[in-house]
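K.L.:
Take this structure, written in structure tokens, and hold onto it; I'll ask about it next.
Taken together, the values in this text are just the output of simple stated rules run on the coordinates, not laboratory data. Bear in mind that the values here come from a model prediction, so they are computed numbers and not experimental data. Because the Cβ atoms are built from the backbone with ideal geometry, glycine has one as well, and the counts that use them run over all protein chains shown.
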């Protein structure tokens, strides 16, 4: 029903308006999901214990959908094993000017240059105090657009300190292509400094939380080797692979349309293989020594299994969730169960 009726209607709307319309439906008419949507698949064999946390299943929702931690309780009812909120920045910010979200229907992709639009740290904390304990919550944190390079670390620290009592794990988002002054966030020495600083604070807590790093799909092998070394040197808990891409190679969408759209991060089917390659490289060249959350172009159970077979421990959906609907969660989990027989 989703792909034949609901999606065509939603895709007639501007992508950002469609997002907020769907968001409003899930928030205000959640009871309808229990009537019209498939019952979430639950099975002990789907449970995964990763970086000290027990996930009821390995299929999560990536950051960017529930930016302000408003919908995680309702999303838990859809069957996700975990939800990553954010990206949260210390101060509220409007993000980049609209129009900033574009569908590439022919490619099964999305280009966005949202620019970390969110209501800020205090608003996220307010919402997280409503947690009903249904689901594991990750906190994806970043810097404000106007923050100068010498204060980047302070932005991450502020978000880390503020969210620490309310989330189960953290993701340092240093790889989004839609924020300003990005070069420093890609520097290996700075990343090490940032991770160690946050870890030192984490270690003072009564209950330290797992910390992961989110990386881009466009890194070359040398850069991926640096990431592996960084994980081993800092003992960070894992990697989220991958974020959106700035690469436009191989798209069916015309060059003229892409030029009209302009810059932004590409997600969905076009980055599936790039993301899987990064996962496999990290897993194979590290000897599988750290967990990887695989995200990027998962539109089917087959796509999900490719990520798991490449070395991912957990999975995240975003663009695939928009294109394929809620049923994709059960489809993936059922395939995982079938493969385990």
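K.L.:
Placing one identical point scatterer on every Cα of region 166-232 and ignoring solvent, what is log10 I(q)/I(0) from the Debye formula at q = 0.22 Å⁻¹?
P.N.:
Evaluating at q = 0.22 Å⁻¹ gives log10 I(q)/I(0) of -1.03.
K.L.:
Where Rh denotes the Kirkwood radius from the mean inverse Cα pair distance, what is Rg over Rh for region 86-212?
P.N.:
On the way: Rg = 15.4 Å, Rh = 15.6 Å.
Across region 86-212, the Cα-based Rg/Rh ratio is 0.99.
K.L.:
What's the exposure ranking of 105, 246, 295, 70, going from fewest to most Cβ atoms within 10 Å?
P.N.:
Values: 105 11, 246 14, 295 31, 70 20.
Neighbour counts put them in this order, fewest first: 105, 246, 70, 295.
K.L.:
Relative to the compact-globule scaling 2.2 N^0.38 Å, provide the ratio for the alpha-carbon radius of gyration of region 226-341.
P.N.:
That ratio works out to 1.16.
K.L.:
Please list 201-209, 271-279 highest first by mean number of surrounding beta-carbon atoms within 10 Å per residue.
P.N.:
Working: 201-209: 11.8, 271-279: 23.0.
Peptide ranking by packing, descending: 271-279, 201-209.
K.L.:
Provide 160, 82 in ascending order of the number of other Cβ atoms located within 10 Å of each residue's Cβ, fewest first. List each step's numbers first, then the result.
P.N.:
Numbers: 160 23, 82 27.
Taking fewest neighbouring Cβ atoms as first place, the list is 160, 82.
K.L.:
Sort 321, 80 by Cβ crowding within 10 Å, fewest neighbours at the top.
P.N.:
Final ranking by Cβ density, sparse to dense: 321, 80.
K.L.:
Provide the descending list of Cα extents for the chain along its principal axes, expressed in whole angstroms.
P.N.:
Here the spans come out as 50, 50, 41 Å, largest first.
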